[in-house]
Amino acid sequence: MLKMIVSSFYNTIIDYEEAIPTSTVLEIDRIRNKGISFSVCTNRTYQEILDYNHDFPFIDYIVSLNGSYVYDVNKEKCLFKKKISLTNINKINKLFEGYSINYYTENAIYQELVDEDIYKIEIEITSREELTKLTKINLNYSVLELNNKMYLELVNNHVSMFSGIDQISLRNNISLNEILVIGGNESDIELISNIPNNYVVDNASKDLKKIARKKTTSNNNHGVEKVLKQV
């Protein structure tokens, strides 16, 4: 029996207009009325997701910043957070000097290091060959391709989208077999690898498609909604 459904947010449940179709929200409402919680995973801040949740609440948990910050929407509190050490931040700044870098606190984005509580670092790169720089740094990373640009996303080595969902499932006594996950980004790889009941949208990254068990239509064709209708 399902107890939780997890969906990646951008590139998965959000369509080309950066909106969630009303029909999809109604399907989420239906499954929540059956006692199934709905969680989203995102590489952005939790507050950005709460803005979508404002008029018609439909989210129970948010795993934000690639697993670095987990937020309980109903109780309005943080369940877990893990920042990047200042030592690793300084190493990144040295290795990627001259690159365009964004620093994420729990709820803000800076282009300069103005706060030591950094949960994610995002660097614009031109090639995956630049990932070789990371051999000297013990951080978890993924690559995001968006609008013909490539971004390297770095978080603490002990966090991921999966670890964020694991934090939620442990608190609610939910087993992995009682979770359904729908992914769409490279940062969802560990999530898809560890949760057997999984789908990916048709526009998902190639690496994600290789390991997924099932596929649904793209985010622009109500892919998440079609999965929910089967529940």
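FYI, it's all coordinate maths here, none of it is from the lab. Source: prediction; values computed, not measured. Virtual Cβ from ideal backbone geometry, glycine too; neighbours counted across all protein chains shown.
Quick notes on this one:
- Relative contact order of segment 86-156, pairs being alpha-carbon contacts under 8 Å that are 6 or more residues apart, as %: 28 percent
- The slack between E48 and D115, meaning 0.36 nm per residue of separation minus the straight C-alpha distance, is 22.2 nm.
- At most 15 other Cβ within 10 Å, DSSP loop - chymotrypsin sites (Phe, Trp or Tyr not before Pro), segment 1-90: Y16
- Taking amide H positions as modeled 1.01 Å from N, with prolines and chain starts lacking one, the residues under 5 Å from I125 and 5 or more places away or on another chain are M150, Y151, L152.
- Taken along the Cα-to-beta-carbon direction at a fixed 7 Å, the label points for N138 and A108 span 3.1 nm.
- Inter-probe distance in nm under a simple model that places probes 7 Å from Cα toward Cβ, at R128 and L2: 3.1 nm
- Answer label for Cα Rg over 2.2 N^0.38 Å (calculated), chosen among (i) 1.03; (ii) 0.98; (iii) 1.09: (ii)
- Computed from the Cβ-Cβ distance with R0 of 30 Å, the FRET efficiency linking N203 to V231 stands at 0.85.
- Overall form of segment 179-231 per C-alpha gyration tensor (a/c, 1.5; a/b vs b/c): oblate
- Vicinal HN-Hα couplings computed from phi for segment 86-96 (Karplus, 6.51 cos²θ - 1.76 cosθ + 1.60; Hz; Gly/Pro x): 5, 4, 5, 4, 5, 5, 4, 4, 6, 5, 10
- Computed over the chain, the per-residue total of -39500 (n - 2.57) for DSSP H runs of n ≥ 4 gives a 222 nm mean residue ellipticity of -7000 deg cm²/dmol, rounded to 500.
- Counting only GluC sites (Glu not before Pro) that DSSP places in a loop and that have at most 13 other Cβ atoms within 10 Å, the longest clean stretch of the chain runs over 117-231.
- Sorted from greatest to least, the principal axis extents spanned by the alpha carbons of segment 99-231 come out as 46, 36, 27 Å.
- The count of lysine pairs in segment 49-151 with alpha-carbon distances below 20 Å, taking only pairs 8 or more places apart or on different chains, stands at 18.
- Magnitude of the charge dipole, the chain, Cβ model with Lys/Arg +1 and Asp/Glu -1, debye to 20: 900 debye
- Magnitude of the charge dipole for segment 86-156, about its Cα centre and with charges confined to Cβ atoms of Lys, Arg (+1) and Asp, Glu (-1), is about 320 debye.
- Most mobile listed residue (V159, V200, V63) in the chain, GNM with C-alpha springs under 10 Å: V159
- Kirkwood Rh, Cα atoms: Rg over Rh of segment 86-156: 0.92
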